[in-house]
Amino acid sequence: MVKFFSRFACGVAMSFLLYGNAAAASAEPELRIGILSDAQCPKSKDSWGLKNAHRGFELLRQRGVDVVVLGGDLAERGDAEVFYNFLEAFDSVFGEKKPELISIMGNHEFAPPQDDPKKKIAAFAKAFGLPADANVHRVIGGYDFIAISPEGMNQNTYKEGAEKFVKEAVASARKRAAGKPIFAFSHHPLSGTVAESGQWGSDSLKKVWDFKLPDLVHFSGHTHHPLQDERSIFQDEFTMVNTSSLCYLSRGNYANVKQLHDTWKYPQMLFVDVYADHIDIIRMALDCGREIKPGRRWRLELPLSKENFTYTAARRDSRKAPEFPAGSEAGIKVSGTKDGKPVIAFPAAVHDDFVHGYAMKFIPLEADGKPGKSFELNCMTDYYRGIDRMAENPAFALPPGRFRPGTRYRVEIRPCESFGKRGSAISTEFQF
């Protein structure tokens, strides 16, 4: 059974979000920013991504933001009509009191791949009133915003033009307001930073940005990764933050990927509140307008320096492994569904953050009782729905072709947290 919040609970959370908690209410932010990305819209005004953008704009209007950033992949197939649909939605929600709007291109703005990328850049720049290269350097509320677009569909098309633009913009920002954070934006993350950037990150960004700038706060999209995962923020010599998605969320390369068919129901975005002495990054779930992990807002102390970075790779060292409650072993059930596919279910493990997945090792037992060649299946949990709405008894369909009829198997199940630590195993034996 899955636990759901009532509408009343969502309403309370919404009021809490809009008016702040005691800690945040001590002073008003100097600047309020909203960041949305990856809507993946077709031409239709009824598209799911555009509807979610409209939801996001409404929350931002209620919050009184000063800046809205659209972080790329607004369109799924590069249709210019989508850009005007976004502008129409933006105007309809904010009316005459519009915040500043910054938009950058993603790889899908260049689709289909046979189209001329220069024409795609020109169409995007025209729609949003941008310079010819679709790059932006703007000072808003005393803070510098630097946003760059790729030059084609490939994630490594950030080239020399962007490098020159960024170098000059950063130098100007540091001269104008030394010590203040610089807000940077690109659709792709730098490889090897936030979650899934190993697969979806850009190496070419290393040639564009000086990533040894502690005052750099760089926001990126593209991965569609759920914001419940603490790996969605990364600090080393700078700060990089994932913005998640207005459309479907990432399902990774897990054995149960086909089961995770409802990620489109749980779009996400960011609020960023800038104070004189810190920055609060607030993760938002748009399905009911609640803050994700309200007790664990990401806070960046100002002025930014490596000495006060807390979201580094060293976080893994202090994290605990998830564990099953006592007696969970007795709750493992392996059975066949109506269509004959095997299913394994068991009581959920517990963790002080959340259980990201389960590693299941299957060992065939030969007639003489000796173990045969084992194999492992890794399954992701439904944490993207909300940590307080995860299944109490997760169940995973197993690929029937991996199991020999009439053979007895031993399964060992280990819970995993998002940084990769595994807890103790529970096990049982079964036969189809």
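The values are calculated or read from the model by the stated rules, or taken from the named source; none is laboratory data. All figures in this text were calculated on a predicted structure; none of them were measured in a lab. Cβ coordinates were reconstructed from backbone atoms using ideal geometry, including for glycine residues, and neighbour counts include every protein chain displayed. Surface areas here come from the heavy atoms of the whole protein model, side chains and all, with no ligands, DNA or RNA. Shrake-Rupley method; radii C 1.70, N 1.55, O 1.52, S 1.80 Å.
Of all residues being of a type in the set (Phe, Trp, Tyr) and surrounded by fewer than 21 Cβ atoms within 10 Å (Cβ to Cβ) in region 257-275, which is modelled with the lowest pLDDT? Just the residue, please.
If we filter region 257-275 for residues that are of a type in the set (Phe, Trp, Tyr), which is where we start, we get 264, 266, 271, 275.
From what is left, the residues that are surrounded by fewer than 21 Cβ atoms within 10 Å (Cβ to Cβ) are 264, 275.
Numbers: Trp264: 94, Tyr275: 97.
Across region 257-275, the extreme among qualifying residues is Trp264.
Given the condition open to solvent by 30 Å² or more (accessible area, probe 1.4 Å), at pLDDT 95 or above, touching a Ser or Thr at 6+ places or on another chain (Cβ under 9 Å) and not assigned by the TED database to the domain that holds Glu392, answer yes or no: does some residue in region 296-303 qualify?
Scanning region 296-303 turns up at least one residue that is open to solvent by 30 Å² or more (accessible area, probe 1.4 Å), at pLDDT 95 or above, touching a Ser or Thr at 6+ places or on another chain (Cβ under 9 Å) and not assigned by the TED database to the domain that holds Glu392.
Listed here are the residues, each with its yes/no results for (1) surrounded by 14 or more Cβ atoms within 10 Å (Cβ to Cβ); (2) of a type in the set (Lys, Arg); (3) not assigned by the TED database to the domain that holds Trp209.
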| residue | (1), (2), (3) |
| --- | --- |
| Ile104 | yes, no, no |
| His108 | yes, no, no |
| Gln114 | no, no, no |
| Val136 | yes, no, no |
| Gly142 | no, no, no |
| Lys164 | no, yes, no |
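Residue-wise test of (1) closer than 19 Å to Gln268 by Cα; (2) open to solvent by 60 Å² or more (accessible area, probe 1.4 Å); (3) assigned by the TED database to the domain that holds Val241.
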site	(1), (2), (3)
Gln40	yes, no, yes
Lys43	no, yes, yes
Leu50	yes, no, yes
Phe57	yes, no, yes
Arg61	yes, yes, yes
Glu81	no, yes, yes
Leu87	no, no, yes
Lys97	no, yes, yes
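If I filter region 414-432 for residues that are within 25 Å of Lys265 (Cβ to Cβ) and charged (D, E, K, R), do I get at least one hit?
Scanning region 414-432 turns up at least one residue that is within 25 Å of Lys265 (Cβ to Cβ) and charged (D, E, K, R).
Specify which of the listed residues (Leu213, Leu190) is within 25 Å of Phe271 (Cβ to Cβ), modelled with pLDDT under 95 and either among the acidic types (Asp, Glu) or open to solvent by less than 70 Å² (accessible area, probe 1.4 Å) (or both). Reasoning before the result, please.
Working: Leu190 fails: modelled with pLDDT under 95.
One residue alone meets the criteria, Leu213.
Look through Phe110, Phe128, Phe90, Phe124 and report the one residue that is over 26 Å from Ser172 (Cβ atoms) and touching a strand residue (DSSP E or B) at 6+ places or on another chain (Cβ under 9 Å). Even if it seems obvious, please write down each step before you answer.
Details: Phe110 fails: touching a strand residue (DSSP E or B) at 6+ places or on another chain (Cβ under 9 Å); Phe128 fails: over 26 Å from Ser172 (Cβ atoms); Phe124 fails: over 26 Å from Ser172 (Cβ atoms).
Unique residue meeting the criteria: Phe90.
Residues that are of a type outside the set (Val, Ile, Thr) and in contact (Cβ under 8 Å) with a residue 60 or more places away in the chain: list the strands (runs of 3 or more DSSP E) wholly contained in region 61-154 that include at least 3 such residues.
On the way: elements: 67-70, 100-103, 136-140, 143-147.
Because the criterion is at least 3 residues that are of a type outside the set (Val, Ile, Thr) and in contact (Cβ under 8 Å) with a residue 60 or more places away in the chain, the strands (runs of 3 or more DSSP E) in region 61-154 that meet it are 143-147.
What pairs can you find where one residue is in region 337-351 and buried (at least 20 other Cβ atoms within 10 Å of the Cβ), the other is modelled with pLDDT under 95 and assigned to a loop (DSSP other than H, G, I, E, B), and their Cβ atoms are less than 8 Å apart, with a gap of 6+ or different chains?
Ile344/Leu398
Among the numbered conditions (1) in contact with a strand residue (DSSP E or B) (Cβ under 7 Å, 6 or more places away or on another chain); (2) charged (D, E, K, R); (3) open to solvent by 30 Å² or more (accessible area, probe 1.4 Å), tell me where Arg389 comes up short.
(3)
I'd like to verify a number: residues in region 292-312 that are in a loop (DSSP other than H, G, I, E, B) and either at positive phi or touching a strand residue (DSSP E or B) at 6+ places or on another chain (Cβ under 8 Å) (or both), how many? Let's see the steps before the verdict.
Initial filter on region 292-312 (in a loop (DSSP other than H, G, I, E, B)): 293, 297, 302-305, 309-312.
Filter once more, so that each one left must be either at positive phi or touching a strand residue (DSSP E or B) at 6+ places or on another chain (Cβ under 8 Å) (or both): 293, 297, 302, 304, 309-312.
Total satisfying the criteria: 8.
Can you find, within region 144-162, the residue that is most open to solvent (accessible area, probe 1.4 Å) among those that are modelled with pLDDT under 95 and among the acidic types (Asp, Glu)?
Among those residues, the one meeting the criterion is Glu160.
Which residues, taken from region 401-432, are exposed (fewer than 15 other Cβ atoms within 10 Å of the Cβ) and part of a loop (DSSP other than H, G, I, E, B)?
Across region 401-432, the qualifying residues are Arg404, Pro405, Gly406, Thr407, Gly420, Ser424.
Scanning for something more than 16 Å from the chain's Cα centre (by Cα), assigned to a helix (DSSP H, G or I) and surrounded by fewer than 22 Cβ atoms within 10 Å (Cβ to Cβ), does region 233-256 turn up at least one residue?
Within region 233-256, none of the residues are more than 16 Å from the chain's Cα centre (by Cα), assigned to a helix (DSSP H, G or I) and surrounded by fewer than 22 Cβ atoms within 10 Å (Cβ to Cβ).
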